[in-house]
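**Q** Structure provided below as structure tokens; questions to follow.
Read the figures in this text as sums done on the coordinates, not as results from a lab. Since the structure is predicted, the reported quantities are computational estimates derived from the model, not experimental observations. Virtual Cβ from ideal backbone geometry, glycine too; neighbours counted across all protein chains shown.
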Amino acid sequence: MNVRTLLSGLLVFAVACLAWVGPASADGHAAGEVKHSVFIAGPSFTGILGEDGEPAWTAPRKGARDGFVLGGGNVLIAYADEVVEFDKDKNKVWTYKLDKSNGEISTAVRLENGNTLVTELGENARLLEVSKDGAIKVEVKLQPDTDNVHMQTRMARKLANGNYLVPHLFAYAVKEYTPEGEVVATFHTDTEHFGGRDTKHWPFTAIRTPGGPNRPFGTTVVGCTYGNRVVEFDQDGEVIWELTNDDVGGIIKDACGVQRLPNGNTVVACYGQTEKTGVKLFEVTPEKEIVWKYSGPHRVHHFQVLTTNGEPVDGAPMK
């Protein structure tokens, strides 16, 4: 989807969320207070939380892995065995079923060209672009470097240059693939900086940020699950920013989903947090100051921040 369509859809959706959650979100917030509405893909809850932290929309099925709120308010969700697009009334309007040659699905992204990006894990680990009529338009054979199906890959994303950014957990690497399947860049999470492989910095989420005057290539932000760390690489694979438990009082527990917000802040999911009132999501500034937390009951595998203090998040989500 293009940015204009996304913004239009999120504006409609933000108004709907505020209506669903009632006056608590519509009355405004204290000076400096941050509140978000969030889509959550999780094991016990998959759906949307309003800015008061209460469910505003619940998917017909929980146990999701990835997902996006689309322009117009439909929700695209990746489950282990299928990708489903639901409308706001929870009707299925599009679906893709896992191929029988593979074991799991991990990714679902609606692309600007109308195709849906899907990754399948298994003997035939692959990345697909699937059209609206279900035809496979692009197929890229992945190189996960492991036969452990569940740990082959997670959140793949298509880049502005037409390539694909794919995190491979047991390869300790985020690989950039061309549509022809060539690996043209690799970002390693088992270097001396991370303490080698013993620290188990398995890459789960990988985000390419837009380029700027100083870094035309952009940067690559990676959430490392078991290593409880978020790192940002430059074009050469050097770490230029990172967030560890030493920075945030030990609250990172399995840093799966990550989102970089337009203001430069970073939101992190703590998938391994199972305590009912433990921190499941939090937001930090580039200076590593915590400015928002979600400590509700729902565990978070991945997520999408939709609104901040009643306003939709600008642009295509970096998640």
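**Q** Taking other Cβ within 10 Å of each residue's Cβ, how do V130, V267, V93 sort, fewest first? Please report the intermediate quantities before stating the final value.
**A** Working: V130 20, V267 24, V93 11.
If I rank by nearby Cβ atoms, fewest first, I get V93, V130, V267.
**Q** Would you tally the net charge around S37, using a Cβ to Cβ cut-off of less than 12 Å, leaving S37 out, and scoring K and R as +1, D and E as -1? Could the numbers behind the result be given before it?
**A** Details: positive: K35; negative: E51, D52, E54, E311.
Neighbour charge sum, excluding S37 itself: -3.
**Q** Could you grab the relative contact order for segment 50-130? Cα pairs under 8 Å, six or more apart, rounded to a whole percent. Show your work: numbers first, answer last.
**A** Numbers: 161 pairs, mean separation 16.4, N = 81.
Here the relative contact order equals 20 percent.
**Q** Connecting C-alpha atoms closer than 10 Å in a GNM of the chain, tell me which of G212, G114, G53 has the biggest fluctuation.
**A** G212
**Q** Sticking with this structure for a sec: Please state the charge dipole magnitude for the chain, taken about the Cα centre, from unit charges on C-beta atoms (+1 on K and R, -1 on D and E), reported in debye and rounded to the nearest 20.
**A** Details: 32 positive and 41 negative charges, 150 e Å.
Dipole magnitude for the chain comes out near 720 debye.
**Q** Then there is this: Cα-based count: Lys pairs in segment 101-246 below 16 Å, eight or more positions apart or different chains?
**A** The result is 4.
**Q** With the alpha-carbon atoms as the only input, what is the per residue convex hull volume for segment 101-210 in Å³?
**A** Details: hull volume 10.8 nm³, N = 110.
Expressed per residue, the convex hull around the Cα atoms of segment 101-210 is 98 Å³.
**Q** Moving on. How far apart, in nanometres, would the label points at T178 and T199 be if each is projected 7 angstrom from Cα along the Cα-to-Cβ direction?
**A** According to this spin-label approximation, the distance is 3.4 nm.
**Q** Can you tell me the relative contact order of the chain? Whole percent, Cα pairs under 8 Å, sequence separation 6 or more.
**A** Numbers: 858 pairs, mean separation 49.5, N = 319.
Reported relative contact order: 16 percent.
**Q** Ok, one more. In debye, nearest 20: dipole of segment 180-319 around its Cα centre with unit charges on the Cβ of K, R (+) and D, E (-)? Don't skip to the answer; put the middle values down first.
**A** Values: 13 positive and 19 negative charges, 128 e Å.
The dipole magnitude comes to about 620 debye.
**Q** Specify whether the C-alpha gyration tensor of segment 53-118 places it in the rounded, prolate or oblate class, a ≥ b ≥ c being the square roots of the eigenvalues: rounded for a/c under 1.5, otherwise prolate if a/b is larger than b/c and oblate if not. Before the final figure, lay out each step's value.
**A** Working: a/c = 1.94, a/b = 1.35, b/c = 1.44.
Judged from the Cα gyration tensor, segment 53-118 comes out oblate (a/c at least 1.5, b/c at or above a/b).
**Q** Out of G71, G249, G272, any idea which swings most in a Gaussian network model of the chain, alpha carbons joined below 10 Å?
**A** Comparing G71, G249, G272 in the GNM, the peak value goes to G249.
**Q** How much length is gained on full extension from T186 to D236, taking 0.36 nm per residue of separation minus their Cα-Cα distance? If you can, show how the numbers build up before the last one.
**A** Numbers: separation 50, 0.36 × 50 = 18.00 nm, distance 0.92 nm.
This chain segment gains 17.1 nm when fully extended.
**Q** In square nanometres, what is one fourth of the surface area of the convex hull spanned by the alpha carbons of the chain? Could you put the intermediate results ahead of the total?
**A** Working: hull surface 62.0 nm².
In nm², the orientation-averaged hull projection of the chain is 15.5.
**Q** Would you mind ranking S131, S295, S106 so that the residue whose beta carbon has the fewest other beta carbons within 10 Å leads the list?
**A** Details: S131 13, S295 16, S106 22.
Starting with the residue having the fewest Cβ neighbours, the order is S131, S295, S106.
**Q** Counting Lys and Arg as +1 and Asp and Glu as -1, what is the net charge of the other residues whose Cβ lies under 10 Å from the Cβ of G181? Don't jump to the answer; show the numbers that get you there.
**A** Values: positive: R126, K141; negative: E139, E180, E182.
Overall, the nearby charge balance is -1.
**Q** Which residue, R208, R197, R154, has the most motion in a Gaussian network model of the chain that connects Cα atoms within less than 10 Å?
**A** R197
**Q** Please give the charge dipole size of segment 43-95, origin at the Cα centre, charges +1 on K and R Cβ atoms and -1 on D and E Cβ atoms. Round to the nearest 20 debye. Can you show the working numbers first?
**A** Working: 6 positive and 9 negative charges, 35 e Å.
The dipole magnitude comes to about 160 debye.
**Q** Turning to a different aspect of this structure: Add +1 for every Lys or Arg and -1 for every Asp or Glu among the other residues with Cβ under 14 Å from the Cβ of G250, and state the total.
**A** Surrounding charge for G250 is 0.
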